[in-house]
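Engineer: This is the structure, below, for whatever I ask next.
The values are calculated or read from the model by the stated rules, or taken from the named source; none is laboratory data. Remember, it's a predicted structure, so these values are computed and weren't measured experimentally. Please note: Cβ atoms are built from the backbone with ideal geometry, for glycine as well, and neighbour counts cover all protein chains shown. The accessibility values were calculated without ligands, DNA or RNA, using every heavy atom of the protein model including side chains. Shrake-Rupley method; radii C 1.70, N 1.55, O 1.52, S 1.80 Å.
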Amino acid sequence: MNILTLNTHSWLEEQPLEKLQQLADQIIKADYEVIALQEVNQRMDSLPAISTHNFHPTEKQQPIHEDNFAHLLVQQLKEQGHDYHWSWAYNHIGYSTYHEGVALLSKQPITPEIVLVSEATDPNDHRTRVILIGQTKLAEQAITAVCCHYSWWLESGGFKHEWQKTERALQHHTTPLLFMGDFNNPASLAKTGYDLVLNSPLQLQDSFLAAAEKSGEHTVEKAIDGWGANQEKLRIDYIFTSPELAITNYQILFDGKQTPVVSDHFGVTVTIK
C-alpha cells in the first residue's frame, strides 16, 4: 500500500493548474491509500464551495471555498474515476491572501479531529498551527493518520512546544500511527526536533531508516519560503510510523527526475507491507 506526503505550496507556484493535474496524474498512477498535503490554500475572498465530494468536516469546520486546492484535487480525481474521502484543517492566514491549511485524503472514510498544538491561537499569526488527525483504514487495518506542518526549532516554544502537545493528544491512541508532513526540522541537526520525534514515547520509526529499499533522501535542495538562507540539501518532510507498519520502500517524488517538480518541496512516498 502506497502513502504520499507533499507540501503543495498551492497557488504560489507558476502554472498551478498544470501542477494540480500532474499531482492528480501521479496519485492515479501510484494508487495511494492515504495522502497528506500541507500548505493547502484557498483564497480568503473566494466563494464557498457549492458541494464537496466525500468531505468529512471537523467540529467548527472552516468553510471550504471553491478554489480550495484539496477540493479541486478530489474533484479532478473523481472525474477520472478515482474516489477519495478527505478532510481539511485551517492553520492561519498565508501571504495575507489565503486560508492556509493541511489535508488528509484516504480511500476509506475518515473521522477527523483538529488539535491546536502551537502557543499562538490567532489565525492572523503565521505561528498558529494545528494537526489534523484522521481515524481511517489501510485495507482492513484501522490506523490513526496525522497530517502536520510544524514550526521551526526554537530554544523555547516553536516545534518543541508543538510536539509536546502532539504527544499529549495521541498518548492514548490504540491503533498504529501514520505521521506525515512538513516538520521543518532537518534530520541532519542533532538534538533538535528530529531527535525528539525518534525518542518520543509514541514510539515512531523514520520510514527512510526503516525502508528496505530507498530512492532519494532530501526534500528541499535550495532556499525556499521559511528557509531563505538555505544552501544545503535538507530532509524536513517525513513519514513516521508505528513499528508494526512495515516499510518496504521509500522514494522521493516531484523532484524533476521521474516526476515533475510541482512545489518548492519534493514529496515523500513509502510502501507499507
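Engineer: If I filter segment 197-219 down to residues being over 17 Å from VAL268 (Cα atoms) and over 19 Å from the mean Cα position of the chain (by Cα), which single residue comes out as surrounded by the most Cβ atoms within 10 Å (Cβ to Cβ)?
Structural biologist: My answer is SER200.
Engineer: Which condition does ALA89 not pass, out of (1) in contact (Cβ under 8 Å) with a residue 24 or more places away in the chain; (2) open to solvent by 10 Å² or more (accessible area, probe 1.4 Å), if it passes all the others?
Structural biologist: (2)
Engineer: Given the conditions (1) under 17 Å from PRO176 (Cα atoms); (2) within 17 Å of the chain's Cα centre (by Cα); (3) surrounded by fewer than 17 Cβ atoms within 10 Å (Cβ to Cβ); (4) not β-branched (Val, Ile, Thr), report the number of the one that ALA139 does not fulfil.
Structural biologist: Status for ALA139: all satisfied but (2).
Engineer: Consider ALA142 against the criteria (1) in contact (Cβ under 8 Å) with a residue 40 or more places away in the chain; (2) within 23 Å of ASN2 (Cα to Cα): it satisfies all of them except one. Which criterion is unmet?
Structural biologist: With respect to (1) in contact (Cβ under 8 Å) with a residue 40 or more places away in the chain; (2) within 23 Å of ASN2 (Cα to Cα), ALA142 is out only on (1).
Engineer: Output the number of residues of segment 28-51 satisfying the condition of being under 23 Å from THR269 (Cβ atoms), outside any helix (DSSP H, G or I) and not hydroxyl-bearing (Ser, Thr, Tyr).
Structural biologist: Going through segment 28-51 one residue at a time, the tally reaches 10.
Engineer: Let me ask something additional. Collect the residues in segment 1-22 that are at pLDDT 95 or above, of a type in the set (D, E, K, R) and open to solvent by less than 50 Å² (accessible area, probe 1.4 Å), keeping them in residue-number order.
Structural biologist: Residue satisfying the conditions is LYS19 alone.
Engineer: Give segment 70-89 a look and list any residue that's assigned to a helix (DSSP H, G or I), closer than 19 Å to ALA30 by Cβ and within 17 Å of the chain's Cα centre (by Cα), or say none.
Structural biologist: Those that are assigned to a helix (DSSP H, G or I), closer than 19 Å to ALA30 by Cβ and within 17 Å of the chain's Cα centre (by Cα): ALA70, LEU73, VAL74.
Engineer: Moving to a separate point now. GLU167 passes all but one of (1) more than 18 Å from the chain's Cα centre (by Cα); (2) at pLDDT 95 or above; (3) open to solvent by 20 Å² or more (accessible area, probe 1.4 Å); (4) farther than 19 Å from GLN251 by Cα; which number fails?
Structural biologist: The failed condition is (1).
Conditions tested, residue by residue: (1) part of a strand (DSSP E or B); (2) out of contact with any Lys or Arg (no Cβ under 7 Å at 6 or more places or on another chain); (3) over 27 Å from LEU170 (Cα atoms); (4) modelled with pLDDT of 95 or more.
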position	(1), (2), (3), (4)
VAL197	no, yes, no, yes
LEU202	no, yes, no, yes
LEU209	no, yes, no, yes
LYS214	yes, yes, yes, yes
GLN231	no, yes, yes, no
PHE240	yes, yes, no, yes
ASN249	yes, yes, no, yes
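Engineer: I'm trying to understand the selection: among the residues of segment 233-254, which are charged (D, E, K, R) and more than 17 Å from the chain's Cα centre (by Cα)?
Structural biologist: Across segment 233-254, the qualifying residues are LYS233, GLU244.
Engineer: Can you say whether LYS257 is closer than 30 Å to PRO16 by Cβ, more than 19 Å from the chain's Cα centre (by Cα) and modelled with pLDDT under 95, as far as the supplied structure shows?
Structural biologist: So LYS257 passes the test.
Engineer: Applying the selection to segment 105-136, what residues are open to solvent by less than 10 Å² (accessible area, probe 1.4 Å), touching a helix residue (DSSP H, G or I) at 6+ places or on another chain (Cβ under 8 Å) and assigned to a strand (DSSP E or B)?
Structural biologist: LEU105, ILE131, ILE133
Engineer: Can I ask one more? Kindly evaluate GLN80 against the criterion of being under 19 Å from LEU6 (Cβ atoms) and open to solvent by 70 Å² or more (accessible area, probe 1.4 Å).
Structural biologist: Taking the combined requirement at face value, the residue satisfies it.
Engineer: When segment 1-27 is examined, which residues are found to be under 18 Å from the mean Cα position of the chain (by Cα) and in a helix (DSSP H, G or I)?
Structural biologist: LYS19, LEU20, GLN22, LEU23, ALA24, GLN26, ILE27
Engineer: Restricting to segment 181-196, count the residues that are of a type in the set (Gly, Ala, Ser), surrounded by 18 or more Cβ atoms within 10 Å (Cβ to Cβ) and more than 14 Å from the chain's Cα centre (by Cα).
Structural biologist: Count: 2.
Engineer: Still on this structure, I have one more. Give the residue, chosen from ASN68, ASN54, that is open to solvent by 10 Å² or more (accessible area, probe 1.4 Å) and under 25 Å from LYS137 (Cβ atoms).
Structural biologist: ASN54
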